[in-house]
Amino acid sequence: LLGVVILMAYIYPAVSDYDPYVNVMNAEMKHLTPAAAMAKYGVSLKYILGTGGSGESTFQSIWYGSRISMSLAFICAAINMTIGVVLGALWGFSKKVDSVMIVIYSVIANVPYILLLSVLVMLFRATFWTMVFAMTLTGWLGIAYSLRVQVIIIRDREYNLASRCLGTSTFKIAMKNILPFMTSIIVTMLAAEVPGYISYEVFLSFLGLGMNEVTLGKLIYLAQNAMVTPGWGWEFWCPVFVASIIT
């Protein structure tokens, strides 16, 4: 199911002609249920989920929004995991690095992550790359700390002590002797990171701090009034459902 969502998010926008404002001046196209939209324009995949507040296709909006939201999550996860894994391995193995990083972590970890994201987004214009910057500025720190704890458990095993005695560098020991044992932990952390970034994007958009582009969070934010309006529920629950599948 997740594979279908990912394929639709990246393939469907490339072969469709989506314009969120194409029917913005046509009041008859706004807030149509799937049945009403297809009764008016015929059976079509485009109108299978009805239309939104600007007369746009809800079906098309969801896949365009999913593409941007997932791209944001994948890029942030790649940056944070790369920095976090490498630094976490060095942090746990080198006591000199540990003495510096534990102070940095103790200071930054006391700042709520969502508060930091909100401030950075408000300071800069809320664009795709601003969101990437905000989510990766300190996002790697928690990953590095979690990995540091795991590294400490195995850093003093015999083969690592032998490598030290043979003059192997700290970086090489961390990369060759320690990280291969952390594969399952890293994969588990990655599986939690990707949906986490989508959740942050949805939350910020729901607060009105999201990107101007069409994202899952933006769709949910714009359709929040539709949640309690009879006949308009499709506009809200469809992007919520897709976001839930991903996360």
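The values are calculated or read from the model by the stated rules, or taken from the named source; none is laboratory data. Keep in mind that what you see is a predicted model, and the values were worked out from it rather than measured. Positions of Cβ are backbone-derived with ideal geometry, glycine not excepted, and every protein chain shown enters the neighbour counts. Please note that ligands, DNA and RNA were not included when accessible areas were found on the heavy atoms of the full protein model with its side chains. Shrake-Rupley method; radii C 1.70, N 1.55, O 1.52, S 1.80 Å.
A few remarks follow.
- Residue within the stretch 60-69 that is part of a helix (DSSP H, G or I), under 21 Å from TYR221 (Cα atoms), in contact with an Asp or Glu (Cβ under 6 Å, 6 or more places away or on another chain) and among the aliphatic types (A, V, I, L, M) present: yes
- When residues in the stretch 60-104 are screened for being buried (at least 17 other Cβ atoms within 10 Å of the Cβ) and either small (Gly, Ala, Ser) or in contact with a Pro (Cβ under 9 Å, 6 or more places away or on another chain) (or both), 16 of them pass.
- Helices (runs of 4 or more DSSP H) contained in the stretch 149-236 and holding at least 1 residues surrounded by 15 or more Cβ atoms within 10 Å (Cβ to Cβ) and either among the aliphatic types (A, V, I, L, M) or on the phi > 0 side of the Ramachandran plot (or both): 183-206, 216-222
- Whichever residue in the stretch 1-32 is within 17 Å of LEU219 (Cβ to Cβ) and of a type in the set (S, T, N, Q) and, among such residues, is nearest to the chain's Cα centre (by Cα): SER16
- Residue match in the stretch 165-176 (condition: farther than 20 Å from VAL86 by Cβ and not aliphatic (A, V, I, L, M)): yes
- Number of positions in the stretch 120-148 that are of a type outside the set (A, V, I, L, M) and either open to solvent by less than 30 Å² (accessible area, probe 1.4 Å) or within 19 Å of MET70 (Cα to Cα) (or both): 9
- Out of TYR41, TYR47, TYR18, one residue alone is open to solvent by 80 Å² or more (accessible area, probe 1.4 Å) and at pLDDT below 90. It is TYR41.
- Sub-7 Å Cβ pairs linking a first residue in the stretch 204-222 that is among the β-branched types (Val, Ile, Thr) to a second residue that is open to solvent by 40 Å² or more (accessible area, probe 1.4 Å), at least 6 apart or interchain, are ILE220/PHE206, ordered by first then second residue.
To keep it simple, each residue is scored yes or no on (1) among the hydrophobic types (A, V, I, L, M, F, W, C); (2) without any contact (Cβ under 8 Å) to a residue 24 or more places away in the chain.
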{"site": "TYR10", "(1), (2)": "no, no"}
{"site": "ASP17", "(1), (2)": "no, yes"}
{"site": "LYS30", "(1), (2)": "no, no"}
{"site": "ILE48", "(1), (2)": "yes, yes"}
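- Among the residues making up the stretch 39-98, those that are touching a Ser or Thr at 6+ places or on another chain (Cβ under 7 Å) and among the aromatic types (Phe, Trp, Tyr) are TYR47, PHE93.
- Any chance ALA37 is in a helix (DSSP H, G or I) and without any contact (Cβ under 8 Å) to a residue 24 or more places away in the chain: yes
- For first residues located in the stretch 170-196 and over 15 Å from ARG155 (Cβ atoms) and of a type in the set (Phe, Trp, Tyr), partners that are assigned to a helix (DSSP H, G or I) and open to solvent by 70 Å² or more (accessible area, probe 1.4 Å) and lie 6+ apart or on another chain with Cβ distances below 9 Å do not occur.
Residue-wise test of (1) farther than 20 Å from ILE48 by Cα; (2) polar (S, T, N, Q); (3) under 19 Å from the mean Cα position of the chain (by Cα).
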{"position": "LEU166", "(1), (2), (3)": "yes, no, no"}
{"position": "THR170", "(1), (2), (3)": "yes, yes, no"}
{"position": "ILE178", "(1), (2), (3)": "yes, no, no"}
{"position": "ILE186", "(1), (2), (3)": "yes, no, yes"}
{"position": "PHE236", "(1), (2), (3)": "no, no, no"}
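- Enumeration of residues in the stretch 94-130 that are aliphatic (A, V, I, L, M) and closer than 30 Å to MET175 by Cα: VAL97, VAL100, MET101, ILE102, VAL103, ILE104, VAL107, ILE108, ALA109
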